[in-house]
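Scroll down for the structure; my scribbles are underneath it.
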Amino acid sequence: MNDVRLLHLEIAQTGKALSKAQNNVYSNPELTKYQSFLTEIFSRIQVEVQQQPNLSTSEIKKYKGFLEFIFKNLEYLEGSTLNFSPFELVFCLNLALKDWLDDQNYVIVTNLSNNIKAFHFDPWLLQNGAQILEDIVLNYDEKPNVSLVQVTLPGMLVRDYLTSIVLYHELGHFVDEKYKFTLKLSRILGDALYFEDTDAIKKSDFIPYFPEGSLDKEINYERIKDYLSEYFCDLFAAQYLGKGYMEYLFYVTEGSSRHSSRHPSSQLRKKVYNDFMEDEDNPIIHFFQTYLPQEINGKILMRRHDTIHSTDFGDLLPLEITNEATLHGVFSYGWDTWLGGWKDSSYLKTSPPEKVYSIINNLMEKSIGNYIVNTLWKNHQS
Amino acid sequence: MFASYSAEHETFTTFERFLEQAIAGNTKYVPYVNRVLDNAHRLCRDRNAILGMDAPTLSIVIYLSETQEAFFNNLNVAQITGEEYQKVLVFLKEKELVFE
């Protein structure tokens with residue numbers, strides 16, 4: 001009896017959250033439709049629960065799952081409204097997503113965190129959420145118009161285009177999770193290590209496959225998967241970002257040579273990253289490139305951004321961008337300006353770092369914003 | 001569609017209103033939109049000032065940035081208010097380069 005009453009509590013809470021979300025305005029109309037889908041499902045839940053005063057344990061569990069699905073999605077929709085969404089950044093990330101997916105019905109949504117280090121991809125919708133959604137579709141014969149890709153970033157850094165590039169790495173986690181890429185590769189590598197395959201041993205320089213100091217040399221498949229995943233996501237980001245991403249990561253992690261339980265050392269990560277940037281042989285990169293085409297839509301890791309040679313930022317001008325590769329190149333150009341290019345500018349070299357930071361971010365945003373409006377306008381006119 | 005601007009401002013700016021109108025089929029605003037976008041690279045130098053401008057002022061800014069390099073390099077809207085503003089406004093109206 002109490003469980004039913006508590007279910008009603010959860011329904012009341014969900015109703016209140018949806019009611020508050022009614023005033024949400026999104027720049028992407030697909031999100032408005034998605035919210036309507038959530039509202040419709042909720043209405044059906046309300047009616048069904050109302051008509052069944054004696055719910056079984058399994059039914060209560062089912063409805064709890066449905067309500068969790070609604071709440072989880074609202075969490076990210078709230079951060080994706082007109083006034084909160086990092087619109088320009090999400091636009092660039094959506095283009096990167098389109099490079100890798102056959103299914104174009106994915107929309108990136110953002111959750112803004114108070115934690116200044118909170119950059120991550122939430123796999124819930126691809127894991128538990130996927131099963132719940134299947135049940136919702138089966139139960140109500142209603143499907144959402146799009147699927148959401150849920151990423152979190154610090155609210156304080158939402159307009160910081162220098163550090164928000166970390167989200168490209170997080171997008172790599174989505175691609176990896178969706179295709180179970182490094183999960184499959186971890187089995188292949190783990191099995192090869194078990195049989196002491198020479199090639200696998202070379203890769204293991206980058207993947208200590210058992211905890212340091214451990215007497216138990218049993219293959220730790222999960223650790224292999226986690227490490228491969230981090231390398232893959234770094235390389236995913238490298239395609240679009242250039243050196244700035246790894247400079248920042250190395251600084252944040254203090255260039256550590258220590259591995260954590262889930263991350264390789266930043267020194268090894270930098271080695272793999274730089275080998276990719278400089279087109280050097282690397283067993284991890286080779287491993288990925290061997291299996292990527294068959295696992296992910298014929299794709300390989302490749303450079304997908306232009307190097308921009310310009311004095312525009314130094315002259316306080318936004319860049320004129322004419323294609324997607326140059327658009328992604330804005331981030332690398334912004335970093336080049338921050339790290340050294342400012343010295344060549346009569347405007348920037350006489351400004352304090354805080355001012356230079358503000359100017360570079362502003363110009364990156366303007367550059368992307370101009371490209372967006374111009375592209376939309378030209379598409380409309382054609 | 002214009003969240004990049006609307007994130008800072010509750011209402012659309014003049015340019016965005018005209019852009020929406022042009023997209024909706026009101027061809028009167030198409031030349032204006034084209035001129036702003038052709039000059040976006042230069043105009044966005046001082047985005048906050050641009051966002052606050054009405055259509056006639058923005059028309060004048062576009063004209064001056066196209067024809068007077070010195071003006072462009074020291075973009076200062078205050079420089080074009082008052083008598084100078086009226087003079088340029090009349091000139092541009094004759095050439096049908098002002099939108100309002």
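Does any residue of region A:204-220 turn out to be acidic (Asp, Glu), assigned to a helix (DSSP H, G or I) and open to solvent by 10 Å² or more (accessible area, probe 1.4 Å)? No.
Only one entry of B:79, B:86 meets the criterion of being at pLDDT below 75 and open to solvent by 50 Å² or more (accessible area, probe 1.4 Å), and that entry is B:79. Taking the criterion of being within 14 Å of chain B (Cβ to nearest Cβ) and open to solvent by 80 Å² or more (accessible area, probe 1.4 Å), the residues of region A:347-382 that qualify are A:347, A:378, A:379, A:381, A:382. The residue list A:227, A:240, A:245, A:273 contains one member that is farther than 30 Å from residue A:372 by Cα, buried (at least 18 other Cβ atoms within 10 Å of the Cβ) and within 21 Å of the chain's Cα centre (by Cα), which is A:227. Among the residues making up region A:281-295, a single one is crowded, with 18+ Cβ neighbours inside 10 Å and either within 14 Å of chain B (Cβ to nearest Cβ) or assigned to a loop (DSSP other than H, G, I, E, B) (or both): A:282.
Just checking, does region A:271-282 include any residue being among the hydroxyl-bearing types (Ser, Thr, Tyr) and either in contact with an Asp or Glu (Cβ under 9 Å, 6 or more places away or on another chain) or farther than 29 Å from residue A:333 by Cα (or both)? There is at least one residue in region A:271-282 that is among the hydroxyl-bearing types (Ser, Thr, Tyr) and either in contact with an Asp or Glu (Cβ under 9 Å, 6 or more places away or on another chain) or farther than 29 Å from residue A:333 by Cα (or both). Of everything in region A:9-37 that's open to solvent by less than 30 Å² (accessible area, probe 1.4 Å) and of a type in the set (Val, Ile, Thr), which residue is farthest from the chain's Cα centre (by Cα)? Among those that are open to solvent by less than 30 Å² (accessible area, probe 1.4 Å) and of a type in the set (Val, Ile, Thr), it is A:11. For region A:104-125, the tally of residues that are without any contact (Cβ under 8 Å) to a residue 40 or more places away in the chain and either hydroxyl-bearing (Ser, Thr, Tyr) or closer than 27 Å to residue A:294 by Cβ (or both) stands at 1.
Among the residues of region A:261-270 satisfying the criterion of being in contact (Cβ under 8 Å) with a residue 24 or more places away in the chain and surrounded by fewer than 23 Cβ atoms within 10 Å (Cβ to Cβ), which is nearest to residue A:303 (Cα to Cα)?
Only one residue fits best here, namely A:270.
Output yes when any residue across region A:41-58 is under 29 Å from the mean Cα position of the chain (by Cα) and assigned to a helix (DSSP H, G or I), and no when none is. For region A:41-58, residues under 29 Å from the mean Cα position of the chain (by Cα) and assigned to a helix (DSSP H, G or I): present.
Given the structure, is residue A:95 farther than 22 Å from residue A:81 by Cα, among the hydrophobic types (A, V, I, L, M, F, W, C), touching a residue at least 40 places away in the same chain (Cβ under 8 Å) and out of contact with any Pro (no Cβ under 7 Å at 6 or more places or on another chain)? Explain how you work it out, then say what you get.
On the way: farther than 22 Å from residue A:81 by Cα: no; among the hydrophobic types (A, V, I, L, M, F, W, C): yes; touching a residue at least 40 places away in the same chain (Cβ under 8 Å): yes; out of contact with any Pro (no Cβ under 7 Å at 6 or more places or on another chain): yes.
Spelling it out, it is not the case that residue A:95 is farther than 22 Å from residue A:81 by Cα, among the hydrophobic types (A, V, I, L, M, F, W, C), touching a residue at least 40 places away in the same chain (Cβ under 8 Å) and out of contact with any Pro (no Cβ under 7 Å at 6 or more places or on another chain).
Please work out if residue A:347 is modelled with pLDDT under 90 and either assigned to a helix (DSSP H, G or I) or of a type outside the set (Asp, Glu) (or both). Yes: the conditions hold for residue A:347. For region A:38-47, a residue qualifies if it is touching a residue at least 12 places away in the same chain (Cβ under 8 Å) and open to solvent by less than 70 Å² (accessible area, probe 1.4 Å), and the qualifying residues are A:38, A:39, A:41, A:42, A:45.
Scanning region A:82-103 for residues that are assigned to a loop (DSSP other than H, G, I, E, B) and facing another protein chain (nearest Cβ under 9 Å) turns up A:82, A:83, A:84, A:85, A:86. If you go through region A:316-343 and keep only what is closer than 20 Å to residue B:37 by Cβ, out of contact with any Cys (no Cβ under 9 Å at 6 or more places or on another chain) and either in a helix (DSSP H, G or I) or within 13 Å of chain B (Cβ to nearest Cβ) (or both), you end up with A:316, A:319, A:320, A:321, A:322, A:326.
Pairs meeting the criteria (first residue in region A:300-316 and on the phi > 0 side of the Ramachandran plot, second residue part of a loop (DSSP other than H, G, I, E, B), beta carbons under 8 Å, at least 6 apart or on different chains) are A:316/A:347.
The values are calculated or read from the model by the stated rules, or taken from the named source; none is laboratory data. Here the structure is a predicted model, which means the values were calculated and not measured. Every residue, glycine as well, gets a Cβ built from its backbone with ideal geometry; the counts of neighbours run over all protein chains shown. These accessible areas exclude ligands, DNA and RNA; they are computed on the full protein's heavy atoms, side chains included. Shrake-Rupley method; radii C 1.70, N 1.55, O 1.52, S 1.80 Å.
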